[in-house]
Amino acid sequence: MDAKDILGLPKTSLPAQEKKPRPQKDSQRKPDGISREVYALTGGLTPLMPAIDPSQLKKKPPVDEKITWQWLPFTSSARKDNLQLYHWVRVVNGVPPTGDYSFAKYNKSVDVIKYTDEEYEKYLKDPTWTKEETDLLFDLCERFDLRFVAIADRFPSSWTVEELKDRYYSASRAILLARAASPADVATHPLVKEPYNVSQEIERKRALSMYLSITKQQDRKDAEVLAEAKRISESRMPAKVAEEPELAVAANAAAEVTERAIPGDTPSKVQLPSTVVPSALTADNASTLASLRMLRVYLRTYALEQMVQAASSSAGLRTIKRVEQTLQELGVNLKPRVPTKAVCAEHLELRKEILTLLNLQKQLQYKEAEGSSFREGSYTETPSTPKDRTFIPDSMSFGGERVGKREQKRKAPGRLSEAPSLPAQSKRPRKLKASDL
(Lines give C-alpha, C1' and ligand atoms only; values in the text may rest on other atoms or scores of the structure.)
Protein backbone atom coordinates (compact mmCIF):
# COMPACT_ATOMS: atom_id res chain seq x y z
CA MET A 1 0.00 0.00 0.00
CA ASP A 2 1.34 3.43 -0.89
CA ALA A 3 0.11 6.99 -0.77
CA LYS A 4 -2.01 6.61 -3.89
CA ASP A 5 -3.97 3.71 -2.33
CA ILE A 6 -4.64 5.73 0.84
CA LEU A 7 -5.84 8.75 -1.14
CA GLY A 8 -7.73 6.61 -3.66
CA LEU A 9 -5.86 7.93 -6.65
CA PRO A 10 -5.56 5.87 -9.81
CA LYS A 11 -2.26 4.23 -10.35
CA THR A 12 -1.26 5.94 -13.58
CA SER A 13 2.34 6.44 -14.37
CA LEU A 14 3.36 10.03 -15.23
CA PRO A 15 5.23 10.55 -18.46
CA ALA A 16 8.91 10.31 -17.80
CA GLN A 17 10.73 13.58 -18.28
CA GLU A 18 13.53 13.37 -20.75
CA LYS A 19 16.83 14.45 -19.25
CA LYS A 20 18.81 16.83 -21.37
CA PRO A 21 22.32 15.58 -21.92
CA ARG A 22 24.94 17.80 -20.42
CA PRO A 23 27.59 19.08 -22.83
CA GLN A 24 30.76 17.22 -22.32
CA LYS A 25 33.67 19.33 -21.28
CA ASP A 26 36.77 19.07 -23.35
CA SER A 27 39.07 17.26 -21.09
CA GLN A 28 42.65 18.40 -21.44
CA ARG A 29 45.26 15.97 -20.47
CA LYS A 30 47.91 17.27 -18.13
CA PRO A 31 51.24 17.34 -19.89
CA ASP A 32 54.10 15.39 -18.49
CA GLY A 33 56.63 17.12 -16.31
CA ILE A 34 54.13 19.60 -14.73
CA SER A 35 52.64 19.03 -11.32
CA ARG A 36 48.86 18.95 -10.85
CA GLU A 37 48.87 22.06 -8.66
CA VAL A 38 50.85 24.16 -11.17
CA TYR A 39 48.64 22.98 -14.02
CA ALA A 40 45.50 23.87 -12.03
CA LEU A 41 46.83 27.37 -11.33
CA THR A 42 47.87 28.12 -14.90
CA GLY A 43 44.75 26.56 -16.42
CA GLY A 44 46.68 25.10 -19.32
CA LEU A 45 47.96 28.48 -20.53
CA THR A 46 51.18 28.66 -22.49
CA PRO A 47 54.05 29.57 -20.17
CA LEU A 48 55.96 32.79 -20.79
CA MET A 49 59.31 31.05 -20.64
CA PRO A 50 60.04 27.97 -22.73
CA ALA A 51 59.56 24.82 -20.69
CA ILE A 52 62.26 22.21 -20.43
CA ASP A 53 61.65 19.08 -22.35
CA PRO A 54 60.62 16.43 -19.80
CA SER A 55 62.74 13.90 -21.63
CA GLN A 56 65.81 15.93 -20.66
CA LEU A 57 64.84 15.79 -16.99
CA LYS A 58 64.50 12.05 -16.97
CA LYS A 59 67.47 11.46 -19.21
CA LYS A 60 69.87 8.99 -17.72
CA PRO A 61 73.57 8.92 -18.45
CA PRO A 62 74.91 6.09 -20.58
CA VAL A 63 75.59 2.90 -18.77
CA ASP A 64 79.22 2.70 -19.92
CA GLU A 65 80.06 6.19 -18.54
CA LYS A 66 81.09 6.63 -14.94
CA ILE A 67 80.95 10.27 -13.87
CA THR A 68 82.66 11.53 -10.74
CA TRP A 69 83.59 14.97 -9.34
CA GLN A 70 87.15 15.42 -8.14
CA TRP A 71 89.09 18.24 -6.42
CA LEU A 72 91.95 18.85 -8.88
CA PRO A 73 94.59 21.57 -9.31
CA PHE A 74 94.70 23.89 -12.35
CA THR A 75 96.77 26.75 -13.80
CA SER A 76 95.69 29.65 -16.03
CA SER A 77 97.57 31.04 -18.99
CA ALA A 78 96.24 34.48 -18.07
CA ARG A 79 98.58 34.56 -15.09
CA LYS A 80 102.33 34.90 -15.44
CA ASP A 81 103.25 33.72 -11.96
CA ASN A 82 102.16 30.07 -12.57
CA LEU A 83 99.86 30.17 -9.58
CA GLN A 84 98.25 26.79 -8.91
CA LEU A 85 94.70 26.69 -7.61
CA TYR A 86 92.12 23.93 -7.03
CA HIS A 87 88.51 23.45 -8.11
CA TRP A 88 85.96 20.71 -8.59
CA VAL A 89 86.13 19.04 -11.99
CA ARG A 90 83.72 16.63 -13.68
CA VAL A 91 85.68 13.48 -14.48
CA VAL A 92 84.35 10.86 -16.89
CA ASN A 93 85.61 7.28 -16.50
CA GLY A 94 88.50 8.46 -14.34
CA VAL A 95 90.07 10.64 -17.08
CA PRO A 96 90.45 14.27 -15.93
CA PRO A 97 89.97 17.05 -18.54
CA THR A 98 93.03 18.52 -20.19
CA GLY A 99 93.76 21.91 -21.69
CA ASP A 100 93.86 25.49 -20.52
CA TYR A 101 91.57 26.99 -17.93
CA SER A 102 88.15 27.59 -19.48
CA PHE A 103 87.99 31.23 -18.36
CA ALA A 104 91.45 32.17 -19.59
CA LYS A 105 90.03 33.11 -23.00
CA TYR A 106 88.31 36.12 -21.45
CA ASN A 107 91.60 37.70 -20.42
CA LYS A 108 92.18 40.45 -23.01
CA SER A 109 95.04 42.92 -22.81
CA VAL A 110 95.92 46.09 -24.71
CA ASP A 111 99.07 46.27 -26.80
CA VAL A 112 100.76 49.42 -25.52
CA ILE A 113 103.46 50.81 -27.79
CA LYS A 114 106.95 50.84 -26.27
CA TYR A 115 109.61 53.37 -27.13
CA THR A 116 113.33 53.68 -26.59
CA ASP A 117 115.35 56.52 -25.09
CA GLU A 118 116.59 57.53 -28.53
CA GLU A 119 113.04 57.67 -29.92
CA TYR A 120 111.93 59.74 -26.96
CA GLU A 121 114.70 62.27 -27.54
CA LYS A 122 113.81 62.54 -31.26
CA TYR A 123 110.00 62.41 -31.35
CA LEU A 124 108.44 62.62 -27.86
CA LYS A 125 110.06 65.62 -26.19
CA ASP A 126 107.50 68.00 -24.71
CA PRO A 127 108.24 71.03 -22.46
CA THR A 128 105.23 70.29 -20.24
CA TRP A 129 106.07 66.59 -19.77
CA THR A 130 109.18 64.99 -18.33
CA LYS A 131 110.52 61.60 -19.35
CA GLU A 132 109.74 60.13 -15.93
CA GLU A 133 106.09 61.22 -16.15
CA THR A 134 105.79 59.82 -19.67
CA ASP A 135 107.33 56.48 -18.61
CA LEU A 136 104.97 56.28 -15.63
CA LEU A 137 101.99 57.09 -17.85
CA PHE A 138 102.80 54.29 -20.31
CA ASP A 139 103.38 51.81 -17.46
CA LEU A 140 100.01 52.64 -15.91
CA CYS A 141 98.31 52.39 -19.32
CA GLU A 142 99.70 48.88 -19.74
CA ARG A 143 98.80 47.91 -16.19
CA PHE A 144 95.21 49.18 -16.23
CA ASP A 145 94.42 48.52 -19.93
CA LEU A 146 93.86 52.20 -20.83
CA ARG A 147 91.33 52.79 -18.07
CA PHE A 148 92.22 56.45 -17.80
CA VAL A 149 89.96 57.15 -14.83
CA ALA A 150 91.95 54.65 -12.74
CA ILE A 151 95.20 55.93 -14.26
CA ALA A 152 94.37 59.56 -13.34
CA ASP A 153 93.50 58.45 -9.80
CA ARG A 154 96.94 56.85 -9.38
CA PHE A 155 98.99 59.44 -11.26
CA PRO A 156 101.01 61.64 -8.85
CA SER A 157 100.72 64.89 -10.79
CA SER A 158 97.49 66.88 -11.14
CA TRP A 159 96.85 66.05 -14.79
CA THR A 160 93.26 65.70 -15.96
CA VAL A 161 91.93 62.65 -17.76
CA GLU A 162 91.81 64.51 -21.09
CA GLU A 163 95.43 65.68 -20.74
CA LEU A 164 96.60 62.13 -19.95
CA LYS A 165 94.73 60.81 -22.98
CA ASP A 166 96.20 63.52 -25.20
CA ARG A 167 99.76 62.74 -24.08
CA TYR A 168 99.41 58.99 -24.55
CA TYR A 169 97.67 59.08 -27.95
CA SER A 170 99.87 61.83 -29.41
CA ALA A 171 103.06 59.98 -28.31
CA SER A 172 101.82 56.66 -29.70
CA ARG A 173 100.87 58.32 -32.99
CA ALA A 174 104.29 59.97 -33.29
CA ILE A 175 106.06 56.63 -32.69
CA LEU A 176 103.91 54.88 -35.32
CA LEU A 177 104.62 57.55 -37.95
CA ALA A 178 108.33 57.52 -37.16
CA ARG A 179 108.68 53.74 -37.44
CA ALA A 180 106.66 53.46 -40.68
CA ALA A 181 108.51 53.49 -43.99
CA SER A 182 105.87 55.83 -45.46
CA PRO A 183 102.76 57.51 -44.02
CA ALA A 184 100.58 55.41 -46.32
CA ASP A 185 101.60 52.23 -44.48
CA VAL A 186 99.93 53.35 -41.23
CA ALA A 187 97.18 55.50 -42.76
CA THR A 188 94.50 52.96 -41.78
CA HIS A 189 95.66 52.63 -38.17
CA PRO A 190 93.03 53.99 -35.74
CA LEU A 191 95.53 56.24 -33.94
CA VAL A 192 96.58 57.83 -37.24
CA LYS A 193 93.22 57.81 -38.99
CA GLU A 194 91.28 59.34 -36.09
CA PRO A 195 93.59 61.42 -33.88
CA TYR A 196 92.46 62.36 -30.41
CA ASN A 197 90.92 65.87 -30.15
CA VAL A 198 91.23 67.39 -26.68
CA SER A 199 88.98 70.41 -27.24
CA GLN A 200 86.20 68.27 -28.70
CA GLU A 201 86.37 65.85 -25.76
CA ILE A 202 86.23 68.70 -23.24
CA GLU A 203 83.26 70.28 -25.05
CA ARG A 204 81.49 66.92 -25.20
CA LYS A 205 81.86 66.36 -21.47
CA ARG A 206 80.75 69.91 -20.72
CA ALA A 207 77.61 69.48 -22.85
CA LEU A 208 76.94 66.12 -21.21
CA SER A 209 77.26 67.59 -17.72
CA MET A 210 74.92 70.45 -18.67
CA TYR A 211 72.36 67.99 -19.98
CA LEU A 212 72.57 65.80 -16.89
CA SER A 213 72.24 68.83 -14.59
CA ILE A 214 68.96 69.99 -16.15
CA THR A 215 66.18 70.17 -13.59
CA LYS A 216 62.62 69.01 -14.13
CA GLN A 217 61.38 72.59 -14.46
CA GLN A 218 63.90 73.35 -17.21
CA ASP A 219 63.04 70.12 -18.94
CA ARG A 220 59.35 71.04 -18.77
CA LYS A 221 60.06 74.50 -20.24
CA ASP A 222 62.09 72.99 -23.08
CA ALA A 223 59.22 70.62 -23.87
CA GLU A 224 56.78 73.54 -23.94
CA VAL A 225 59.03 75.50 -26.30
CA LEU A 226 59.33 72.52 -28.64
CA ALA A 227 55.57 71.98 -28.59
CA GLU A 228 54.98 75.66 -29.38
CA ALA A 229 57.48 75.54 -32.26
CA LYS A 230 55.77 72.44 -33.63
CA ARG A 231 52.37 74.13 -33.39
CA ILE A 232 53.64 77.21 -35.25
CA SER A 233 55.17 75.11 -38.02
CA GLU A 234 51.96 73.09 -38.40
CA SER A 235 49.89 76.30 -38.56
CA ARG A 236 52.15 77.69 -41.30
CA MET A 237 52.13 74.51 -43.34
CA PRO A 238 48.62 75.00 -44.89
CA ALA A 239 49.63 78.47 -46.07
CA LYS A 240 52.72 77.08 -47.77
CA VAL A 241 50.72 74.28 -49.36
CA ALA A 242 48.12 76.79 -50.58
CA GLU A 243 50.77 79.02 -52.16
CA GLU A 244 52.21 76.25 -54.33
CA PRO A 245 49.03 75.61 -56.43
CA GLU A 246 48.62 79.37 -56.97
CA LEU A 247 52.15 79.64 -58.28
CA ALA A 248 51.62 76.60 -60.50
CA VAL A 249 48.35 78.06 -61.88
CA ALA A 250 50.06 81.37 -62.61
CA ALA A 251 52.87 79.58 -64.41
CA ASN A 252 50.43 77.52 -66.50
CA ALA A 253 48.42 80.61 -67.39
CA ALA A 254 51.55 82.44 -68.49
CA ALA A 255 52.59 79.42 -70.57
CA GLU A 256 49.18 79.33 -72.29
CA VAL A 257 49.37 83.05 -73.10
CA THR A 258 52.86 82.56 -74.52
CA GLU A 259 51.76 79.63 -76.69
CA ARG A 260 48.79 81.60 -78.02
CA ALA A 261 50.92 84.64 -78.75
CA ILE A 262 53.68 82.62 -80.48
CA PRO A 263 52.13 79.67 -82.38
CA GLY A 264 54.35 77.13 -84.06
CA ASP A 265 53.12 77.07 -87.69
CA THR A 266 50.82 79.94 -88.73
CA PRO A 267 51.29 83.67 -88.15
CA SER A 268 49.01 85.33 -85.68
CA LYS A 269 47.91 88.91 -85.10
CA VAL A 270 48.06 88.56 -81.32
CA GLN A 271 50.85 90.67 -79.91
CA LEU A 272 53.05 89.29 -77.18
CA PRO A 273 53.06 91.56 -74.11
CA SER A 274 56.48 92.47 -72.84
CA THR A 275 55.61 91.34 -69.30
CA VAL A 276 54.35 87.86 -70.13
CA VAL A 277 57.67 86.06 -70.41
CA PRO A 278 59.27 87.59 -67.29
CA SER A 279 56.13 86.94 -65.23
CA ALA A 280 55.98 83.35 -66.45
CA LEU A 281 59.64 82.79 -65.67
CA THR A 282 59.24 84.42 -62.27
CA ALA A 283 56.26 82.20 -61.43
CA ASP A 284 58.11 79.09 -62.61
CA ASN A 285 61.18 80.02 -60.59
CA ALA A 286 59.07 80.70 -57.51
CA SER A 287 57.31 77.33 -57.76
CA THR A 288 60.61 75.54 -58.34
CA LEU A 289 62.24 77.27 -55.38
CA ALA A 290 59.24 76.37 -53.19
CA SER A 291 59.55 72.71 -54.17
CA LEU A 292 63.31 72.78 -53.54
CA ARG A 293 62.80 74.27 -50.07
CA MET A 294 60.70 71.25 -49.17
CA LEU A 295 63.73 69.01 -49.84
CA ARG A 296 65.83 70.94 -47.29
CA VAL A 297 69.05 69.38 -48.74
CA TYR A 298 69.72 69.08 -52.49
CA LEU A 299 72.54 69.27 -55.03
CA ARG A 300 73.10 72.56 -56.80
CA THR A 301 73.23 70.77 -60.18
CA TYR A 302 69.82 69.26 -59.47
CA ALA A 303 68.48 72.71 -58.58
CA LEU A 304 69.93 74.12 -61.82
CA GLU A 305 68.23 71.39 -63.88
CA GLN A 306 64.91 72.10 -62.20
CA MET A 307 65.26 75.85 -62.80
CA VAL A 308 66.18 75.28 -66.47
CA GLN A 309 63.14 73.03 -66.94
CA ALA A 310 60.92 75.62 -65.27
CA ALA A 311 62.30 78.40 -67.45
CA SER A 312 61.81 76.30 -70.61
CA SER A 313 58.39 74.91 -69.69
CA SER A 314 56.55 77.55 -71.76
CA ALA A 315 58.66 76.85 -74.86
CA GLY A 316 58.34 74.00 -77.30
CA LEU A 317 60.85 71.24 -77.96
CA ARG A 318 62.09 72.96 -81.10
CA THR A 319 62.72 76.20 -79.19
CA ILE A 320 64.64 74.35 -76.46
CA LYS A 321 66.85 72.73 -79.10
CA ARG A 322 67.50 76.12 -80.66
CA VAL A 323 68.50 77.49 -77.24
CA GLU A 324 70.99 74.64 -76.77
CA GLN A 325 72.30 75.17 -80.31
CA THR A 326 72.81 78.88 -79.58
CA LEU A 327 74.73 77.99 -76.39
CA GLN A 328 77.00 75.68 -78.38
CA GLU A 329 77.57 78.37 -80.98
CA LEU A 330 78.57 80.78 -78.22
CA GLY A 331 80.97 78.17 -76.78
CA VAL A 332 79.04 77.75 -73.54
CA ASN A 333 78.64 74.32 -71.92
CA LEU A 334 75.09 73.03 -71.54
CA LYS A 335 75.93 72.28 -67.88
CA PRO A 336 78.44 74.41 -65.97
CA ARG A 337 81.65 72.63 -65.08
CA VAL A 338 81.92 74.46 -61.76
CA PRO A 339 78.29 74.81 -60.59
CA THR A 340 78.73 77.49 -57.96
CA LYS A 341 75.84 79.72 -56.99
CA ALA A 342 77.05 82.66 -59.09
CA VAL A 343 77.83 80.49 -62.14
CA CYS A 344 74.41 78.78 -62.01
CA ALA A 345 72.65 82.15 -61.73
CA GLU A 346 74.54 83.56 -64.74
CA HIS A 347 73.92 80.38 -66.76
CA LEU A 348 70.19 80.53 -66.03
CA GLU A 349 70.09 84.24 -66.89
CA LEU A 350 71.82 83.54 -70.23
CA ARG A 351 69.26 80.88 -71.10
CA LYS A 352 66.42 83.28 -70.31
CA GLU A 353 67.93 85.98 -72.53
CA ILE A 354 68.41 83.53 -75.43
CA LEU A 355 64.80 82.34 -75.04
CA THR A 356 63.57 85.96 -75.09
CA LEU A 357 65.70 86.66 -78.18
CA LEU A 358 64.25 83.67 -80.05
CA ASN A 359 60.71 84.72 -79.14
CA LEU A 360 61.34 88.25 -80.39
CA GLN A 361 62.81 86.88 -83.65
CA LYS A 362 59.68 84.79 -84.18
CA GLN A 363 57.43 87.75 -83.53
CA LEU A 364 59.48 89.90 -85.92
CA GLN A 365 59.16 87.28 -88.68
CA TYR A 366 55.41 87.10 -88.24
CA LYS A 367 55.06 90.88 -88.36
CA GLU A 368 57.22 91.10 -91.49
CA ALA A 369 55.11 88.41 -93.18
CA GLU A 370 51.92 90.27 -92.34
CA GLY A 371 53.35 93.59 -93.60
CA SER A 372 54.51 92.06 -96.88
CA SER A 373 51.12 90.45 -97.45
CA PHE A 374 49.38 93.83 -96.99
CA ARG A 375 51.88 95.64 -99.27
CA GLU A 376 51.63 93.18 -102.21
CA GLY A 377 47.99 93.81 -103.09
CA SER A 378 44.38 94.13 -102.09
CA TYR A 379 42.02 91.53 -100.76
CA THR A 380 41.85 89.81 -104.20
CA GLU A 381 45.58 89.22 -104.13
CA THR A 382 45.68 87.53 -100.79
CA PRO A 383 47.07 83.99 -100.77
CA SER A 384 43.57 82.58 -100.21
CA THR A 385 42.20 84.16 -103.45
CA PRO A 386 43.66 83.37 -106.93
CA LYS A 387 45.05 86.46 -108.73
CA ASP A 388 43.48 85.71 -112.18
CA ARG A 389 39.95 85.58 -110.80
CA THR A 390 37.72 88.57 -111.76
CA PHE A 391 34.55 89.47 -109.96
CA ILE A 392 31.76 90.30 -112.51
CA PRO A 393 28.34 91.27 -111.15
CA ASP A 394 25.87 88.71 -112.37
CA SER A 395 22.18 88.88 -111.81
CA MET A 396 22.01 85.12 -111.56
CA SER A 397 24.73 84.99 -108.99
CA PHE A 398 23.46 87.81 -106.82
CA GLY A 399 19.78 88.64 -107.31
CA GLY A 400 18.79 85.76 -109.57
CA GLU A 401 18.92 83.18 -106.89
CA ARG A 402 16.59 85.15 -104.66
CA VAL A 403 14.10 85.74 -107.53
CA GLY A 404 14.12 82.06 -108.36
CA LYS A 405 13.55 81.15 -104.76
CA ARG A 406 10.61 83.53 -104.54
CA GLU A 407 9.06 82.05 -107.68
CA GLN A 408 9.52 78.55 -106.33
CA LYS A 409 7.79 79.58 -103.11
CA ARG A 410 4.88 81.05 -105.12
CA LYS A 411 4.58 77.96 -107.27
CA ALA A 412 4.81 75.59 -104.36
CA PRO A 413 1.01 75.47 -103.69
CA GLY A 414 0.27 75.01 -107.37
CA ARG A 415 2.61 72.14 -107.64
CA LEU A 416 0.95 70.51 -104.72
CA SER A 417 -2.43 70.90 -106.41
CA GLU A 418 -1.14 69.56 -109.73
CA ALA A 419 0.31 66.50 -108.11
CA PRO A 420 -1.93 63.42 -108.01
CA SER A 421 -3.95 63.28 -104.87
CA LEU A 422 -3.06 60.62 -102.44
CA PRO A 423 -5.66 58.05 -101.51
CA ALA A 424 -7.69 58.97 -98.47
CA GLN A 425 -6.47 57.33 -95.39
CA SER A 426 -8.92 55.02 -93.69
CA LYS A 427 -10.27 56.36 -90.43
CA ARG A 428 -10.31 54.29 -87.28
CA PRO A 429 -13.83 53.05 -86.34
CA ARG A 430 -15.46 55.06 -83.61
CA LYS A 431 -16.13 53.31 -80.36
CA LEU A 432 -19.76 52.61 -79.56
CA LYS A 433 -21.26 54.37 -76.58
CA ALA A 434 -24.01 53.12 -74.32
CA SER A 435 -26.56 55.52 -75.90
CA ASP A 436 -26.01 54.00 -79.38
CA LEU A 437 -27.23 50.60 -78.30
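The values are calculated or read from the model by the stated rules, or taken from the named source; none is laboratory data. Bear in mind that the values here come from a model prediction, so they are computed numbers and not experimental data. With ideal geometry, Cβ positions are generated from the backbone for all residues, glycine too; neighbour counts draw on all protein chains shown. Protein only, heavy atoms only, side chains kept; ligands, DNA and RNA dropped before computing areas. Shrake-Rupley method; radii C 1.70, N 1.55, O 1.52, S 1.80 Å.
Couple of notes before you dig in:
- Full-extension gain in nm, TYR302 to ASP126, via 0.36 nm per residue minus C-alpha separation: 58.2 nm
- Between the range 101-139 and the range 179-202, the alpha-carbon center distance in angstrom: 17
- Using a probe of 1.4 Å on the protein chains alone, the accessible area found for ILE6 is around 120 Å².
- The simple Förster model, with R0 at 56 Å and r as the Cβ-Cβ distance, assigns SER372 and ALA229 a FRET efficiency of 0.25.
- Computed with every protein chain present, the accessible area of ASP166 is close to 60 Å² [probe 1.4 Å].
- Sum of side-chain charges, VAL112 neighbourhood, beta-carbon under 15 Å (Lys, Arg +1; Asp, Glu -1): +2
- A 1.4 Å probe, protein heavy atoms only, puts the accessible area of TYR169 near 60 Å².
- Across the cross-link table entries LYS80/LYS114; LYS321/LYS362; LYS165/LYS216; LYS108/LYS165; LYS114/LYS205; LYS122/LYS193, which are compared at the Cα atoms, the separations over 26 Å belong to LYS165/LYS216; LYS114/LYS205.
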